[in-house]
Amino acid sequence: MGRKFFGTDGVRGTANLYPMTAEMALRIGAAVGRYFRNDGQNNHRVVIGKDTRLSGYMFENALTAGLTSTGMNALLLGPVPTPAVGLLTSSMRADLGVMISASHNPAEDNGIKFFGPDGFKLSDEAEAEIEALIESGVEPVQAKNIGGAKRIDDGRFRYIERVKSSLTRAVPLKGMKVVIDCANGAAYRAAPEALWELGAEVIPVGTAPDGLNINRGCGSTHPATAAEAVVAHGADVGISLDGDADRVMIIDENGQVADGDQIMALLADRWAQEGRLKGGALVATVMSNLGLERFLEGKGLRLERTAVGDRYVVEAMRKGGFNLGGEQSGHIVMTDYATTGDGLMAGLQFLAAMAETGQPASSLTRNFETVPQMLKNVRYGVGQTPLETDAVKAAIAAAEHALNGQGRLLIRKSGTEPLVRVMAECEDAVLLEKTVDSVVDAVEAAL
């Protein structure tokens, strides 16, 4: 069955517009509560985290009401990174984890992500069953079985200690000057505190959330802000997170930005040399650059590709027994330490490489030459289905024929925004631009 509410990363949309309304959050909370509390017992727990969006208060209350109406006991973590919810769901013996966040989206958006009792995101099958419960509605429990709710004050500190423990060897960060851009988001306290406790000289950016400025001109989607701070302060490196801190971009000492592909290349190579890259492979999505694949092949390693979405990366990692994966956008998944992408943990792994090799960031962020890649987005309206029109299908077929043997084309709908993403790779820059523009023009004409 098609998914009506869930995208590639939970339920997401503009706050106070369907489906991201308080009423729907109540229904979603009740549905997921019923799904996980199905044995009639009264000791079920759910941990709920959020980022710094103003609408987070509304959704936290609505979800808590729905969950407790089914007998779930809610533990409210307050602002914490998304990976903290995954980790704490398991370590606190909760049946369910909920993160209220729209990740890298602007402040007016919000979303709801779910984690199972093992701390991993839910499967497509589980989401389909929850969607059925949302639509059918669930009966609330009797008054005597209603769940309770309480604030948990030490969630951030538990997460910080777990992040620090991911450095399995003593790493000397003392004297290392680090810019950390928290995107005015969920890691605005945890990330600077963790880096300082590990000995770094910390220059914080994007650590003054006001409910409306998350991701605005800062964070991993706007790395120029961190780059400017790195150069201005003469820092050794910059770590730029997104609003819920599950993505990261690295900025070298010259202000140059390295994306997830370059970070994964570095870690895969180092882990393979150390004998701790399981399965001799890195898992990444179809969006990762062809240059990454060639780099890995040159090292005797494999690139296992998945559909777009970090949870599909994680599913492939768990199925194949791999321990390193991620996305070009900056999700870096290290299942030895976390259950989902963790930008801060990935940043610490990069700092460890700097400390152990003695090399500057610029030497560690240019692991391969990228194949020219172009990505353009086309926004569409409610009810519009441009990819289903004959004209667009014909344009895509023609573009694929033009690139045959010279590159690759990827057309997809975003799972988090109403966008058609048109991406191509090709060594011939003229052909690359012509190919992408031909499809974009066709999609725009179909709107």
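The values are calculated or read from the model by the stated rules, or taken from the named source; none is laboratory data. Here the structure is a predicted model, which is why all the values come from computation and not from measurement. Here the Cβ is made from the backbone with ideal geometry for all residues, glycine too, and neighbour counts use every protein chain on show. Quick note on the areas: whole protein, heavy atoms, side chains included, nothing else; ligands and nucleic acids left out. Shrake-Rupley method; radii C 1.70, N 1.55, O 1.52, S 1.80 Å.
Counting only strands (runs of 3 or more DSSP E) that sit wholly inside region 136-246, those with at least 1 residues that are open to solvent by 20 Å² or more (accessible area, probe 1.4 Å) and modelled with pLDDT of 95 or more are 149-151, 177-181, 201-205. Among residues of region 401-422 that are in a loop (DSSP other than H, G, I, E, B), those with a Cβ under 9 angstrom from a residue that is open to solvent by 40 Å² or more (accessible area, probe 1.4 Å) and among the β-branched types (Val, Ile, Thr), sequence gap 6+ or separate chain, pair up as Pro418/Val382. The set of residues from region 284-319 being open to solvent by 40 Å² or more (accessible area, probe 1.4 Å) and not in a loop (DSSP other than H, G, I, E, B) comprises Leu290, Glu293, Arg294, Glu297, Gly298, Arg302, Glu304, Arg305, Tyr312, Glu315, Arg318, Lys319.
Within region 405-447, the residues that satisfy the criterion of being open to solvent by 30 Å² or more (accessible area, probe 1.4 Å), within 20 Å of Gln384 (Cβ to Cβ) and aliphatic (A, V, I, L, M) are Ile411, Ala445, Ala446, Leu447.
Looking at region 364-379, is at least one residue closer than 17 Å to Ala265 by Cβ, open to solvent by less than 60 Å² (accessible area, probe 1.4 Å) and in contact with a Gly (Cβ under 7 Å, 6 or more places away or on another chain)? Yes, region 364-379 contains a residue that is closer than 17 Å to Ala265 by Cβ, open to solvent by less than 60 Å² (accessible area, probe 1.4 Å) and in contact with a Gly (Cβ under 7 Å, 6 or more places away or on another chain). Can you tell me which residues in region 327-355 are buried (at least 23 other Cβ atoms within 10 Å of the Cβ) and of a type in the set (D, E, K, R)? Glu327, Asp342, listed by residue number. Taken as a whole, region 396-404 holds at least one residue that is of a type in the set (Val, Ile, Thr), over 25 Å from the mean Cα position of the chain (by Cα) and open to solvent by less than 40 Å² (accessible area, probe 1.4 Å). Selection of region 97-135 for residues being under 25 Å from Ala183 (Cα atoms) and in a loop (DSSP other than H, G, I, E, B) yields Ser101, Ala102, Ser103, His104, Asn105, Pro106, Ala107, Glu108, Gly119, Phe120. Scanning region 91-108 for residues that are farther than 21 Å from Asn43 by Cα and of a type outside the set (A, V, I, L, M), we see that the one that is surrounded by the most Cβ atoms within 10 Å (Cβ to Cβ) is Ser101.
I want to confirm something. Restricting to region 247-264 and keeping residues that are assigned to a loop (DSSP other than H, G, I, E, B) and touching a residue at least 60 places away in the same chain (Cβ under 8 Å), which single residue is surrounded by the most Cβ atoms within 10 Å (Cβ to Cβ)? Before the answer, list the steps.
We begin by selecting, within region 247-264, every residue assigned to a loop (DSSP other than H, G, I, E, B); these are 247, 252-256, 259.
Add one more test, that the residue is touching a residue at least 60 places away in the same chain (Cβ under 8 Å), and what stays is 247, 252-254, 256, 259.
Numbers: Arg247: 29, Asp252: 22, Glu253: 19, Asn254: 12, Gln256: 16, Asp259: 22.
Filtering first and then ranking leaves Arg247.
Residue pairs whose Cβ atoms lie under 8 Å apart, separated by 6 or more positions or on different chains, with the first residue in region 175-199 and touching a residue at least 24 places away in the same chain (Cβ under 8 Å) and β-branched (Val, Ile, Thr) and the second in a helix (DSSP H, G or I) and open to solvent by 10 Å² or more (accessible area, probe 1.4 Å), are Val179/Ala229; Val179/His233; Ile180/Pro192. Looking only at region 41-90, residues that are open to solvent by 10 Å² or more (accessible area, probe 1.4 Å), closer than 16 Å to Gly243 by Cβ and part of a loop (DSSP other than H, G, I, E, B) come to 3 in all. Among the residues of region 155-173, those that are under 13 Å from Leu348 (Cα atoms) and either among the hydrophobic types (A, V, I, L, M, F, W, C) or touching a strand residue (DSSP E or B) at 6+ places or on another chain (Cβ under 9 Å) (or both) comprise Ile160, Val163, Ser166, Leu167, Ala170, Val171, Leu173.
Every test in (1) at pLDDT below 95; (2) assigned to a loop (DSSP other than H, G, I, E, B) is passed by Leu375 save one, and that test is (2).
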